[in-house]
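Structure, as C-alpha cells:
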Amino acid sequence: MQRSFVTKRNLLAFFGAFLLIGAPVGYLLSQLFVEETPLPSFTEQACALPDAWLERTQAGYQEGRAGEIAILPRQPAYFSSGAGGWTHSGPWPYLQRVPLVFYGPGIIPPTGQVETPATLADVAPTMATMLRGSFQTDDGTSLSDVVRLNSKLLKESPPKLILTIVWDGGGWNVLDQWPGDWENLLGMMEGGVSFLEATVGSSPSVTPSVHTTLGTGVFPATHGITDIPVRDPATGELVDSFRDGESSALIEVPTIAERWDEQTGNKAKVGMIGYEPWHLGMIGQGAEKSGGDKDDAVWLNTETNEWKSNPDSYNLPSSIADTEGLEEDIAALDAADGQVDESWGDEPILGDPKRWEETPAFIDFHTRALENLIREDGYGKDDVTDLLFTNYKQIDRVGHYFSMASPEVNQSVLRTDEALGDILEMLDEEVGRGEYVVILTADHGQQPNAPEIDGYGINPGELQNDIEAEFGPVVQQVRPTEIFLDTDALVASGSTLEEVARFVGDYRLDENNTEGEAPGVFSGSSRVMELAIPASMLPALDCSGVQSSPSEPSSG
C-alpha cells in the first residue's frame, strides 16, 4: 500500500488541531509520520500515550463489564455517531476538563479560583466532610480547599441542603467559546471555590459512568458503570447500564446518598431530577437496595414530555409531576425571533413535541420542577441535611444535534446560566443564605466538528463492516473507546481477540472513508487508531522499561 507523507499545509493544520485538543508537543511530533512505521506492540501502543490518558483509560475499565478491545482514535480523528451527531468519549483534555465549583455563602470560603488538581471522584468525599463525616476512597479525597473537618463554622452550622447541579456537556471547551455568557457561574466561582484543574478522571467520558463517579467517589473500574452499554456479569449479555430505568443494580458500591440515608435512618430527603435513568448513578438504587427507601427520582418520558420514574424503587413527587407551563415556554421561544412559525430560529422543530426537550425552552420547565420540589416537599427545611441532584441536559443534547460551536448551543448555555441565577435566588428565599451549598460541575466537554479543524470523522458502522468482512459476524457494538465482541462467534471463526485488535490497530483511513470525506491532516494510508489492544491488558500494564509517556499539559 502506498504511504503518502503529510503536506506542509496539513502539517500546520495538524499542529493547530493538536493544540486545540491539548496534546503535548512531544507526543504530536511522534505522530507526524506514524503511518510510515510498523504497528507497535500492544504494550508499546499503551505506554506511548501520555500518562494521564492511559490512567483515565485504565480507570474506566472493569473486566466483565467493558468491551473486549480498548481503542482510541488518533486525534484529530473522531468517531462520528452518524448524521446530526457528535460523540464525546475519551481521555483527552478537551473532553476531560470541566468546571467544579463549591458555593455556599456562610459555609464555603469565598476563595475563588484554585489550581489544586481534582477529579469528579473527589465530590462525594468532599460532600461527606460537609455532612461532618469522613469518606475516602482509592480514587477520591475530600478537597480541603472547600472545607476542613475541623472547621468551626461547619461543625456549628452544617448545611440544610446540598444541591449538586451537572451541566451535561458543559465542559471548559464549550464554555470557553462564550466567556461572557455564564455570569451566574462566574459569580459562583468568585464567591466560592473553583477548581481550575478539575477533570472527569476516567474514560469513557459518558453520562452514566461520570454521574456514578459523582455519586460514589470511585471510578468505573470500581463502581462498574463503564459505559452506556455494559455486560451484565450474571448473564454476559450486553445491556443498558441502567436497564432503561428498570434497575440500578449494576452499581457495585454505595453512593454517598445511600450512606447518608443509612446514617440518618432514611430521615434525610434524597432526590434526583434528570433526563435519563443514566443520572441515577448520583443517588443509587433507592428501595432496590436492602435497607433503602424510595428516594425522589424522576427522568423524562420523551414521548410525552412528562416526568416519569420507576415506582418499584423511587418516588415521583406530585410537585414535579404537576409542573405546568411547557407549552407556554415553547410558544415564547417560537415568538422570540418575531415570527410565530413553529421554528427555533431557522430550525422548524417546535411543531414536533418530541423535539421540545432539544431546546432551551425546556430549561425553564426543568427549573420550575426543581423549584416546586424544593418548596413543596420541604427540602432544606429541617436540621437533617438533604441531598438533591439534578442534570441540565440541553447543552449536551443540543450539541449532539447542532455541534458544540453552534448558536443553538450558545443559547442553551445562556439560558442554563440564567436558570442557575434563578435557582440561587430561590435558595436564598426558601432555604436561606448560610443554610445551603451548591456544587456545580459538568460530565464532559464536547467534540469539535472534525472538518473545521482538519480532522476526520471515523464511521463506526464501516469499521464494524470491515472487521466482520475479515472475521465474520463477531462484533456486538463499536463504541468510541471500546469494541464489544461476541467471543463465542470469534472462537467459532477460528480467530483470536489479538488478531482482531491488530486488524483494528492497522486500520487505514481509506478503508473507512467510503463516502469520500475530506481526510483533513491525514493521508488515505494513515492509521486512524492510536490504541487498539485487548482491554484485559489495561489493569496490569507495566510501562517501566518501555518508551516513557509524555506529560499532559495543564490546559487544553
Report task. Report the full-extension gain for the segment Glu327 to Ser544: residue separation times 0.36 nm, less the Cα-Cα distance, to one decimal in nm. Result -> 72.1 nm
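Between Asn266 and Tyr401, what is 0.36 nm times their sequence separation minus the Cα-Cα distance? Round to one decimal in nm. Don't skip to the answer; put the middle values down first.
Details: separation 135, 0.36 × 135 = 48.60 nm, distance 4.06 nm.
Length gained, Asn266 through Tyr401: 44.5 nm.
Is the shape of region 103-441 rounded, prolate or oblate, going by the alpha carbon gyration tensor and its root eigenvalues a ≥ b ≥ c, with a/c under 1.5 for rounded and a/b larger than b/c for prolate?
Details: a/c = 1.44, a/b = 1.22, b/c = 1.18.
Rounded, because the longest to shortest axis ratio a/c is under 1.5.
Work out the FRET efficiency for Asp293 and Thr116 from their Cβ-Cβ distance, taking R0 = 41 Å, and round it to the nearest 0.05. Display every interim value, and only then the final one.
Working: r = 36 Å, r/R0 = 0.87.
Efficiency at R0 = 41 Å is approximately 0.70.
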Report task. Only helices at least 30 Å long along their axis, Cα-based, and averaging -1.0 or more on Kyte-Doolittle count here, so list those DSSP H runs from the chain. Result -> 407-430
Requested in this report: Assuming R0 = 35 Å, can you tell me the calculated FRET efficiency for the pair Glu190 and Glu452, based on Cβ-Cβ distance, to the nearest 0.05?
Outcome: 0.60
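Between their Cα atoms, which of Lys354/Lys381; Lys160/Lys393; Lys294/Lys381; Lys160/Lys308; Lys267/Lys354 are more than 30 Å away from each other? Write out the running numbers ahead of the final one.
Details: Lys354/Lys381 36 Å; Lys160/Lys393 26 Å; Lys294/Lys381 19 Å; Lys160/Lys308 27 Å; Lys267/Lys354 38 Å.
Checking Cα-Cα distances, Lys354/Lys381; Lys267/Lys354 exceed 30 Å.
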**Report entry** Taking Arg433, Arg259 and counting other C-beta atoms within 10 Å, the order from fewest to most
**Finding:** Arg433, Arg259
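Quick check on the chain: of the DSSP beta bridges with both residues there, what percent are antiparallel, nearest 5%? List each step's numbers first, then the result.
Values: 26 of 55 bridges.
Roughly 45 percent of the beta bridges in the chain run antiparallel, per DSSP.
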Query raised in the report: Over what distance in Å are the Cα centres of region 344-392 and region 91-153 separated?
Result: 25
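Determine the shape class of region 353-483: with a ≥ b ≥ c the square roots of the Cα gyration tensor eigenvalues, call it rounded for a/c under 1.5, and otherwise prolate if a/b is greater than b/c, oblate otherwise.
On the way: a/c = 3.09, a/b = 2.18, b/c = 1.42.
It is prolate, given that a/c is not under 1.5 and a/b is the larger ratio.
Order by neighbour count: Lys267, Lys308, fewest other Cβ atoms within 10 Å first, most last. All intermediate terms of the calculation are to be shown ahead of the outcome.
Details: Lys267 13, Lys308 18.
Ranking Lys267, Lys308 by Cβ neighbours within 10 Å, fewest first, gives Lys267, Lys308.
Sum -39500 (n - 2.57) across every DSSP H segment of at least 4 residues in the chain, then divide by the residue count to get the 222 nm mean residue ellipticity, nearest 500.
Values: 21 runs with 183 residues, N = 556.
After summing the helix terms and dividing by residue count, I get -9000 deg cm²/dmol.
What order do you get for Cys47, Cys543 when you list them from fewest to most C-beta neighbours inside 10 Å? Walk me through the intermediate numbers first.
Working: Cys47 20, Cys543 16.
Exposure proxy ranking, most exposed first: Cys543, Cys47.
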Query raised in the report: Longest span of the chain, sites excluded, free of GluC sites (Glu not before Pro) in DSSP loop with at most 11 other C-beta atoms within 10 Å?
Result: 325-514
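All of the numbers you see were taken from the coordinates with simple rules; none came from a lab. This structure is a prediction, so every number in the text was calculated from the model and none was measured. Cβ: placed from backbone, ideal geometry, glycine included. Neighbour counts: every protein chain shown.
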